[in-house]
Structure formats: structure tokens, C-alpha cells
Amino acid sequence: MNLSFLDFDASQAADGAGNFDAMATVSPGQRQALLEEVAAVLSWADAQFPGAHAALDDGGEWDYHLQCQQEWTADEGMAYDLATQQFSMQAGPPGMPRHNLTLSLSGSAQFCAAFESRFLQAKHQD
């Protein structure tokens, strides 16, 4: 499966257990597609490791943390005056909202190997 929004960074411990962290920022029109991608990743994990979703410290094979925030931006209208060597700013109206989603997965060595094979190999083959 090629991921369009989630780009995972991986970190692993000496025992092979590790974490995969991704952040995506999308417009309201892309939000549903992003959520479908997150659902596909989590559904894959649950199907590959059924009944094993729990904190690793509690004996689980994999776990996740999901967070999403909505924010608005405004152009600050920044300019620099070379003669006075001063910045000036005049904020414009807020723009379209954007959604910032973070997904972190942690897993055993077996989970990490399967996750890398499924989601990170395709990224390196492009």
C-alpha cells in the first residue's frame, strides 16, 4: 500500500522493538482521505496482529497514539525596510483551516519487521 499523506520516521531499539511516527497537515478537502489512510494502517495492524493491541509493557505486540488538531493561519504581511532595517507586519484575515494529524505506532520486533515490509518498502521503491 502506498501512503499518500503519512510519511513514517522509524526508530528501533537494539531488541528490534520500535516506533513509527508520522505527521500530516491537510486541507479540509483532504481530511477524509487522510482519515481513510490512518484507518487502513490501523486496520492492517489489527488484522496482522489480532487481539495483540495493547501497550508493549502490558504484553501487547503493538500500540498507537493518534492526535489531530485544527488550526487557522493568517498571512502576517511581513516586509523588511532596507533603509530603516526594520520589519513591519500587518496581519491579514485568517485563511482556510488545516488539520494536523500525528500517528505514532510502537511495536515488538515482529510488528516492526511486518510494518516496515508493508509500509516502508513501497516508499523506497518509488
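Here the calculated FRET efficiency for Phe87 and Gln30, from their Cβ-Cβ distance with R0 = 25 Å, stands at 0.15, rounded to the nearest 0.05.
Taking the chain as a Gaussian network of alpha-carbon nodes connected by springs under 10 Å, the highest mean-square fluctuation of the residues Ala17, Ala91, Ala113 belongs to Ala91. Met89 sits among other residues whose Cβ lies under 10 Å from its own Cβ, and their net charge, with Lys and Arg +1 and Asp and Glu -1, is -2. When Rg/Rh (Cα atoms, Kirkwood Rh) is calculated for this entry, the matching label among (1) 0.92; (2) 1.17; (3) 1.02 is (2). Kirkwood hydrodynamic radius computed over segment 20-79 comes to 14.2 Å, based on all pairs of distinct alpha carbons. The charge dipole of the chain, taken about its Cα centre with unit charges on the Cβ of Lys, Arg, Asp and Glu (plus for the first two, minus for the last two), comes to roughly 300 debye. Taking packing as the residue-averaged number of other Cβ atoms within 10 angstrom, the listed peptides 25-38, 70-83 run from highest to lowest as 25-38, 70-83. Centroid-to-centroid, using Cα positions, segment 37-69 and segment 71-86 are 44 Å apart.
Only the coordinates and a few stated rules stand behind these numbers; no lab work does. As the structure is a computational prediction, the values presented were derived from the model and not from experiment. Every residue, glycine as well, gets a Cβ built from its backbone with ideal geometry; the counts of neighbours run over all protein chains shown.
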